[in-house]
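The structure under discussion appears below in the form of structure tokens.
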Amino acid sequence: MTVIAGCASEKTAPQAPAASAQPSQPAPAEAAKLRSALLPVPKGMEVAYGPEIGTYGTLRFTKQSLDAIRESKLEHPECAGATQLDAARPEIAKAPAAVVKFTSARGVITQSVMALPPEAFPGPLPDQCDAYSAQVRGMEVVYRTRDLALPRQGDESRAYLTTASGGERQAQIGTVTIRRGGFVMSLMVVGQEVKRAGLLELSRLADQNLSKAAV
């Protein structure tokens, strides 16, 4: 829900402090593991936000995402976080987490890593979320999502490709969520076109980092 209208709002996100002061912080050892699971800056991109570490529901990234959802009118509200780590779920909102965002002229990559029990891993996409509409900033946007056939990574993983169309603009959102032990990593890649091969390589690198943090 934070991406549409050509994802312009994502590209112009202000630079955030390297580590935001939050009312609740993970223990130092856990914070170090979360940070270690984040990707380095991809070639040709720059840091647009973070890394920010704290309780997921208190992070600036999370609050901005929830504000964007509240300002929109969704045909199926339950679909807003269906392909990602949904901060509307209490167990996810309370989880220790780290978030970073990278940007370039071609698109945006957002990565979230959090400490979660296995049962909190997101379930399959609900049937009604395959295609639905929303009013976003006065524009009608249609979201169409399909499962993306990527090899399983970690203990379990899910991948989706969403096409968001509104007015004369269109964007694609690729999402990959991977669990290893008690850690869950989510990638969201936004651009005019998200290629399967690129998303697979990015998720492979992210899973390598996650495997080291989950030890």
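Yes or no, residue by residue, for (1) touching a residue at least 60 places away in the same chain (Cβ under 8 Å); (2) open to solvent by 20 Å² or more (accessible area, probe 1.4 Å):
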| position | (1), (2) |
| --- | --- |
| Leu34 | yes, no |
| Leu38 | yes, no |
| Pro42 | yes, yes |
| Met45 | yes, yes |
| Leu66 | no, yes |
| Leu74 | yes, yes |
| Ala97 | yes, no |
| Val100 | yes, no |
| Ser104 | yes, yes |
Original post:
Would you pick out the residues in the stretch 105-137 that are under 20 Å from Leu161 (Cα atoms), in a strand (DSSP E or B) and of a type outside the set (A, V, I, L, M)?
Top reply: Gly107, Thr110, Gln111, Ser112, Tyr132, Ser133
Subject >> Residue that is touching a His at 6+ places or on another chain (Cβ under 6 Å), hydroxyl-bearing (Ser, Thr, Tyr) and either under 26 Å from Pro77 (Cβ atoms) or surrounded by 15 or more Cβ atoms within 10 Å (Cβ to Cβ) (or both), where the choices are Tyr160, Tyr132 >> reply: Tyr132
Subject >> Number of the exception - Ile92 against (1) crowded, with 21+ Cβ neighbours inside 10 Å; (2) closer than 25 Å to Lys195 by Cα; (3) not charged (D, E, K, R) >> reply: (2)
Original post:
Could you say whether any residue in the stretch 119-129 is open to solvent by 30 Å² or more (accessible area, probe 1.4 Å) and within 15 Å of the chain's Cα centre (by Cα)?
Top reply: no
Original post:
When the residues of the stretch 138-153 are filtered to those that are in a loop (DSSP other than H, G, I, E, B) and out of contact with any helix residue (DSSP H, G or I) (no Cβ under 6 Å at 6 or more places or on another chain), which remaining residue is least open to solvent (accessible area, probe 1.4 Å)?
Top reply: Leu148
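The values are calculated or read from the model by the stated rules, or taken from the named source; none is laboratory data. All figures in this text were calculated on a predicted structure; none of them were measured in a lab. Please note: Cβ atoms are built from the backbone with ideal geometry, for glycine as well, and neighbour counts cover all protein chains shown. Protein only, heavy atoms only, side chains kept; ligands, DNA and RNA dropped before computing areas. Shrake-Rupley method; radii C 1.70, N 1.55, O 1.52, S 1.80 Å.
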